[in-house]
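Participant: Sharing a structure, written as structure tokens. Questions coming.
The values are calculated or read from the model by the stated rules, or taken from the named source; none is laboratory data. Model, not experiment: these values are computed from the prediction. Cβ atoms come from the backbone with ideal geometry, glycine included; neighbour counts cover every protein chain shown.
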Amino acid sequence: MLMARGGLVSMLKEGAKHLSGLEESVIRNAEACAEIAEITRTSLGPNGMNKMIINKNDKLSITNDAATIIKEVDIYHPAAKMLGMASKQQEAEHGDATNFVLAFGGSLLRNAETLIRSGLHPNDVVSGYEKAGAKAQEILETLTAYKPDDLTDVNQVAYCIKAVIASKQYGYETFLSNLIARATVMILPKNPKSFSVENVRVCKVLGGGVTDSKVVKGFVTARSLSGTIKHVTSAKIAVFAAGVDLTKTETKGNVTFKSAKDLLDYTRGEEQNMEDIIKAISETGVKVIISGSVVGELATHYIERYKMMLLKTPSKFELMRICRATGATPLVRLGAPTPEELGYCDVVSEEEIGSTKVTIFRQDQEDTQVSTIVVRASTRNRLDDIERAIDDGVNVFKGLCKDPRLVAGAGAVEIELARQLDSFGDTISGLDQYAIKKYAEAFEVIPKTIAETSGFNATELLFNLYAAHQQGKKHEGVNVESGDATSALDMGVLDHQVTKASAIKLATDAAVTILRIDQIIMAKEAGGPSLPAQAGGSRDTD
């Protein structure tokens, strides 16, 4: 009975923690999630601020990409981790709107904290949030602003993905959106729904400016060729995944030479064997040999003698993409390939871009499954940021292939959802209406943040947006250049509707799950005591 009076902690292992009640669990969780959302919130929008992150491995990252921030920051709090997991899931499924999940989810929990402190039970808040979330999805279906009718039109595709690029690379959105549109349209399959983001590659080359970037129909690898042959056209390609070298025996053996003639005959036999193999490959019309492993010196000599190009690429991923770009089959045996196993490329050449040598597999006439965007920038961090922006743009194009509907961006759809949900709350009786109205208010965080990071008065701009939407101008959003309410269609700022719906659902589900937690039980951490520091240095606890 004494143990029962001691509470739950007395029944747990020494060192365990138990938190319960509104103040210790619900409020604390909401505050933690609001804090993590505040970190990434200021990175939202075209004028979002960068974050400098040094992770536990001393790797420096400077970025405004929320997915990267969450990935590099080691979040300890379990509730904040859940919100981060929702953001990561959004990145995995749609590749965009990760910051929206964090900002909107944090705003929902911040508003829920206000309601709970006012006396509402968490279950009343959860009930209201669930009703509001379902209603938001219904309203969103009616807010379609634009729908491209031809995904093979580069101009239409560029118009659709311009906004997502502007959120990462404001000022280069027109240039980069056109690059991405060309790269995606040139490899669009007959069935657009089977489009894969893996088929649009990025080759980062340090130096030059962003406007020096270009698109190549084919594959580009930042590796130089071996040998003297640097350019071939109408090339048949053989890919050997296991390398080009004589096979070694599995067991060791000894060979006894009784004279110099025996030694010469032995090496001559190896040479003849290798020459026969390379000659047989050459007779099939192969002009380019690609090896996924080592290439022996003897093999290199004969490849050069028979006027064939040689590329070594130890990366199995690059090898796979070269095969996809050329139609070749990777071989695990060394010998003459069959015609079906050969790949083809119009032009294979080594070029120097800046101070970096790259090998380009360009298809001028033939169709290919792979296109490459060669990105130029002055720093590694800038290259990484542009790569993330391109990745987001390609993901949006993939979404358009499945569902081409788009909604107004620049905070326009959020204001319209907030306005209609607020009116919906007036029709609901009971305590749920307070939660619905707070849910509607949470949408204001998006246009408010865009206005703040652009240097405008957020309160005044929100008032102007609401006034415009009350007059039926439901596509009015934040103009980051003038600070006025302007039509998002005129600005060319559009968001993918399915991506937006997914982000709202994930943020709502995460907030509801966190609000349902009424107790936190933490077991004692595993591991023994830390060792004392040694003389002349300290022990790295990582």
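Participant: For the subset of region 430-443 comprising residues that are assigned to a loop (DSSP other than H, G, I, E, B) and either at pLDDT below 90 or in contact with a strand residue (DSSP E or B) (Cβ under 6 Å, 6 or more places away or on another chain) (or both), which member is surrounded by the fewest Cβ atoms within 10 Å (Cβ to Cβ)?
Facilitator: Gly430
Participant: Filter region 40-52 for residues that are surrounded by 16 or more Cβ atoms within 10 Å (Cβ to Cβ) and aliphatic (A, V, I, L, M) and give the result.
Facilitator: Leu44
Participant: Whether any residue in region 90-99 is in contact with a Leu (Cβ under 6 Å, 6 or more places away or on another chain) and farther than 14 Å from Cys33 by Cα is what I want to check.
Facilitator: Yes, because at least one residue in region 90-99 is in contact with a Leu (Cβ under 6 Å, 6 or more places away or on another chain) and farther than 14 Å from Cys33 by Cα.
Participant: Buried (at least 18 other Cβ atoms within 10 Å of the Cβ), assigned by TED's automatic domain parsing to the domain that holds Val288 and either among the polar types (S, T, N, Q) or closer than 16 Å to Val205 by Cβ (or both): which single residue out of Val348, Val358, Val375 fits that description?
Facilitator: Val358
Participant: Right, next: Run down Ala136, Ala132, Ala158, Ala86 and say which single residue is in the same structural domain as Met186 (by TED's automatic domain parsing) and either crowded, with 22+ Cβ neighbours inside 10 Å or touching a residue at least 40 places away in the same chain (Cβ under 8 Å) (or both).
Facilitator: Within the list Ala136, Ala132, Ala158, Ala86, the selection yields Ala158.
Participant: Just the residues that are outside any helix (DSSP H, G or I) and surrounded by fewer than 24 Cβ atoms within 10 Å (Cβ to Cβ), please, taken from region 381-429.
Facilitator: Asp403, Pro404, Arg405, Thr427, Ile428, Ser429 - these are the residues of region 381-429 that are outside any helix (DSSP H, G or I) and surrounded by fewer than 24 Cβ atoms within 10 Å (Cβ to Cβ).
Participant: Only one of these conditions is not met by Lys147: (1) surrounded by fewer than 17 Cβ atoms within 10 Å (Cβ to Cβ); (2) touching a strand residue (DSSP E or B) at 6+ places or on another chain (Cβ under 9 Å); (3) under 25 Å from Ile36 (Cβ atoms); (4) not aliphatic (A, V, I, L, M). Which number is it?
Facilitator: (3)
Participant: Please verify whether region 20-37 includes one or more residues that are at pLDDT below 85, more than 22 Å from Tyr129 (Cβ to Cβ) and not small (Gly, Ala, Ser).
Facilitator: no
Participant: If you don't mind, another one. Among the listed residues Leu108, Leu143, which satisfies the condition of being in contact with a helix residue (DSSP H, G or I) (Cβ under 7 Å, 6 or more places away or on another chain) and either polar (S, T, N, Q) or over 25 Å from Asp403 (Cα atoms) (or both)?
Facilitator: Within the list Leu108, Leu143, the selection yields Leu108.
Participant: Of all the residues that make up region 300-326, how many are crowded, with 18+ Cβ neighbours inside 10 Å and within 37 Å of the chain's Cα centre (by Cα)?
Facilitator: 13
Participant: Take the residues in region 89-129 that are surrounded by fewer than 24 Cβ atoms within 10 Å (Cβ to Cβ) and charged (D, E, K, R); name whichever of them is farthest from Asn29 (Cα to Cα).
Facilitator: Glu93
Participant: For Tyr146, which of the numbered conditions (1) touching a Gly at 6+ places or on another chain (Cβ under 9 Å); (2) closer than 27 Å to Gly48 by Cα fails to hold?
Facilitator: Every listed condition holds for Tyr146 apart from (1).
Participant: Let me ask something additional. Could you please let me know if Ala67 is within 28 Å of Thr379 (Cβ to Cβ), at pLDDT 80 or above and of a type in the set (A, V, I, L, M)?
Facilitator: No, not satisfied.
Participant: Can you tell me which condition Gly171 does not meet? The list is (1) assigned to a loop (DSSP other than H, G, I, E, B); (2) touching a residue at least 60 places away in the same chain (Cβ under 8 Å), and all the others hold.
Facilitator: That leaves (2) as the condition not met.
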